[in-house]
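Inspection log for the structure reproduced underneath, given as structure tokens.
The values are calculated or read from the model by the stated rules, or taken from the named source; none is laboratory data. Here the structure is a predicted model, which is why all the values come from computation and not from measurement. No Cβ is skipped: glycine too gets one built from the backbone with ideal geometry, and neighbour counts run over all protein chains shown. The area values use the complete protein model at the heavy-atom level, side chains included, leaving out ligands, DNA and RNA. Shrake-Rupley method; radii C 1.70, N 1.55, O 1.52, S 1.80 Å.
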Amino acid sequence: MKTRITLLLLLLTSISAGGAEAARPNILFIAIDDLRPELRCYGSTIAKSPHLDKLATEGLLFKRAYCQQSICSPSRASLMTGARPDTIRVIENTAYFRELNPDIVTLPQHFIKHGYEAVYCGKIYHARMTDNDHSWSRKPAWNRCPYKHPKLPGQYALLENQQLWAGNKEKMLAKYGQAGAGGLVHGPAYESADVEDHAYQDGFNTQLAIATLKDHLARKKDKPLFLALGLTKPHLDFIAPKKYWDMYDPADIKLATQTEGPRDGAATGLHASFELRTRHGIPKSGPIGDKLARTLLHGYYACVSYADAQVGHMIKALEDAGVRDNTIIIVWGDHGWHLGDMGIWGKATNYEIATRVPMMIWTPDMKVRGKSSKALVELVDMYPTLCELAGLPRPHHLEGHSFAPLLDNPARPWKQAAFSQFPNPALREWAANPLSAGMRQTFFGPLIEKVEDRIIKQQGKAWNRDLFENHLMGYTMRTARYRLVVWKDHRKADAKPVFVELYDHQVDPQETRNVASQQPELVSTLSRQLTAGWKKAL
């Protein structure tokens, strides 16, 4: 009799657990690379983004969302582990979080532990850091995808661009060996080819994700799915099908109006647009002329619309499959991007334009729809938020704060600050590049020397080459009104600031002038808040 009761209890427990698993929501997790809040729903008068705009009208849009570091690998490693860059020691694109933190549990890994199937298509982690052995429980449904993988040389569809890329690679290999196949091999910075969406990587990955969704529902309909779709555009190169370029009239595209760095800002706060300057046809030094700048902006906007269309395809696939009403949709950008703002092109700064990101969420049971929130939120908050929304426990290592309560009350009191950081972008952007110092000097020597001269002039006797090239970190804090940037040696908790920047967004939202020297008491107060950190800002 006792044995029968035990078996009955085990059966009931199993049925209960299975029912809870089936009731849990699916997660559609969409990452968009290098997308700043350049969407209609964020106030852009140029960008055409109807699908993301529609999602914003149905869910919740975050007006003040910030990344933890404005470059791919550290930003993604932070949000996927739920820990901040200094904690996981990932502050460079070449650092792999799993090698430095072998036992850390990532966001999808945690969902797998609680009954989910997890799969990704496209770019979720950076480059080789896919974390396949831990974060994902299955591979995409390659056999069900209706299209072949687009194996395009250099990602270009046009023959002339493929040839430029191949010729550049051949020259680099001949001159520098295998190391020459690294970060300096590129073709043009943009391309407009009359091809279908799936001819390029993002269109194909979206179709692969849709095929994977269908495959999962056919095989494991009762098992919840964590489906991650990573779109690479509008990351350089600005490559998109011609139909998206045709959506824009170049005459309507406005160039950046703030083309100088902040007055009295840190000389080490900006860089020389190194990432863009590796592209064919881009001057290796000097200004980016208006004609070229307009073309680059045109390409960026075309890529925004291309990425937007893929989001639309993915959401429609949820609806067609009948699972939209049991799926949480979250869309995010990994960092912002300077489009000539402050005179530079690229990410990798501690300013608003690089650290502020687009983020929106839709859930089946949220009480408020079509609203926006000005609450300060961070990408590191996504891990605990999705855990709460899915009814999962939260790991103890998390350093973010669930913003789930904002879904019901977007205007409620919230965090006092958001925190980001970036090492000296002027001299370190290439420091971790696999290319040799000699190769970097060959291509960018004059640019690096010019930046270094500017820093030395500002720092005077305080200049220390080892500190500035290897150990200087800019720690930035965004409050509702201010942005504080403190530059110091990241190896020492009590290190004195080398330079401090303060921007008042109430009167200077574009961060055109550093007013730190004019408000020493405020700087002192905010510096204490920065030192207290994220725990004290909740």
Average accessible surface area per residue within the stretch 233-312, 1.4 Å rolling probe, Å²: 37 Å²
Dipole of the stretch 327-394 (Lys/Arg Cβ +1, Asp/Glu Cβ -1, origin at the Cα centre): which of 372, 384, 355 lies farthest to the positive side? 372
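Looking only at Cα atoms, what is the convex hull volume of the chain per residue, in Å³?
On the way: hull volume 88.8 nm³, N = 538.
It is 165 Å³ per residue.
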Treating the beta-carbon of each Lys and Arg as +1 and of each Asp and Glu as -1, no other charges, what is the dipole magnitude of the stretch 240-300 about its Cα centre, to the nearest 20 debye? 240 debye
About its Cα centre, how strong a charge dipole does the stretch 323-435 have in debye, to the nearest 20, once Lys and Arg get +1 and Asp and Glu get -1 at the Cβ? 240 debye
Under a 1.4 angstrom probe, counting protein chains only, how are 144, 24, 277 ranked by accessible area, largest first? 144, 24, 277
Modelled label-to-label distance, residue 518 and residue 130, 7 Å Cα→beta-carbon offset: nm? 5.3 nm
What percent of all Cα-Cα pairs in the stretch 162-229 falls in each 5 Å bin, counting up from 0? 3, 14, 14, 12, 11, 12, 11, 9, 8, 4, 1, 0
Restricting to bridges with both residues inside the chain, how much of the DSSP beta-bridge set is antiparallel, in percent to the nearest 5? 50 percent
For residue 357, the residues 5 or more places away or on another chain with a placed amide H closer than 5 Å to its own amide H are 65, 66, 67
Each residue of the stretch 356-367 in turn: what ³J(HN,Hα) in whole Hz from Karplus with 6.51, -1.76, 1.60 and θ = phi - 60°, glycine and Pro shown as x? 7, 10, x, 7, 8, 9, 10, 10, x, 10, 5, 7
Evaluate the relative contact order of the chain (contact order divided by residue number), counting alpha-carbon pairs under 8 angstrom at least 6 apart; express in whole percent. 22 percent
On a C-alpha basis, how far is the centre of the stretch 76-135 from the centre of the stretch 224-245 in Å? Whole number, if you could? 20 Å
Sequence order, the stretch 307-318: Karplus ³J(HN,Hα) from phi using 6.51 cos²θ - 1.76 cosθ + 1.60, θ = phi - 60°, Hz rounded, Gly and Pro as x, gives 5, 4, 4, 5, 4, x, 4, 5, 5, 4, 5, 4
Keeping all protein chains in the complex and leaving out DNA, RNA and ligands, what accessible area do you get for residue 137 with a 1.4 Å probe, in Å² to the nearest 10? 60 Å²
Projected area, mean over directions - the stretch 192-336, Cα convex hull, nm²: 11.8 nm²
About its Cα centre, the chain carries a charge dipole, from +1 on Lys and Arg Cβ atoms and -1 on Asp and Glu Cβ atoms, whose size in debye to the nearest 20 is 920 debye
Contact order normalised by length for the stretch 112-241, with contacts defined as Cα pairs under 8 Å and 6 or more residues apart; what percent is it? 39 percent
I'd like the accessible area for residue 279: 1.4 Å probe, protein heavy atoms, all chains in place, Å² to the nearest 10. 10 Å²
Return P(r) of the stretch 448-538 (all Cα-Cα pairs; 10 Å bins starting at 0; whole %; ordered from short to long distances). 15, 44, 33, 8, 0
Note on the stretch 345-388: C-alpha Rg/Rh, Kirkwood Rh, two decimals, gives 1.04
Can you list residues whose amide H is under 5 Å from residue 27's amide H, if they're 5+ apart or on another chain and H is modeled 1.01 Å from N? 225, 226, 227, 328
Candidate residues 466, 237: accessible-area rank, largest first, probe 1.4 Å: 466, 237
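How much of the accessible area of the chain, in percent, comes from carbon and sulfur atoms when a 1.4 Å probe is used?
53 percent
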Determine the calculated [θ] at 222 nm for the chain from helices alone, applying -39500 (n - 2.57) to every DSSP H run no shorter than 4 residues and normalising by the residue count; nearest 500 deg cm²/dmol. -10500 deg cm²/dmol
Stretched out fully, how many nm does the piece from residue 453 to residue 535 gain, at 0.36 nm a residue minus the Cα gap? 25.7 nm
Solvent-accessible area of residue 170 with every protein chain in place, 1.4 Å probe, in Å² to the nearest 10: 130 Å²
At a Förster radius of 25 Å, what calculated FRET efficiency corresponds to the Cβ-Cβ distance of residue 149 and residue 284, to the nearest 0.05? 0.15
Got a sec? What order do 517, 524, 305 fall in by accessible area at 1.4 Å, biggest, i.e. largest, first? 517, 524, 305
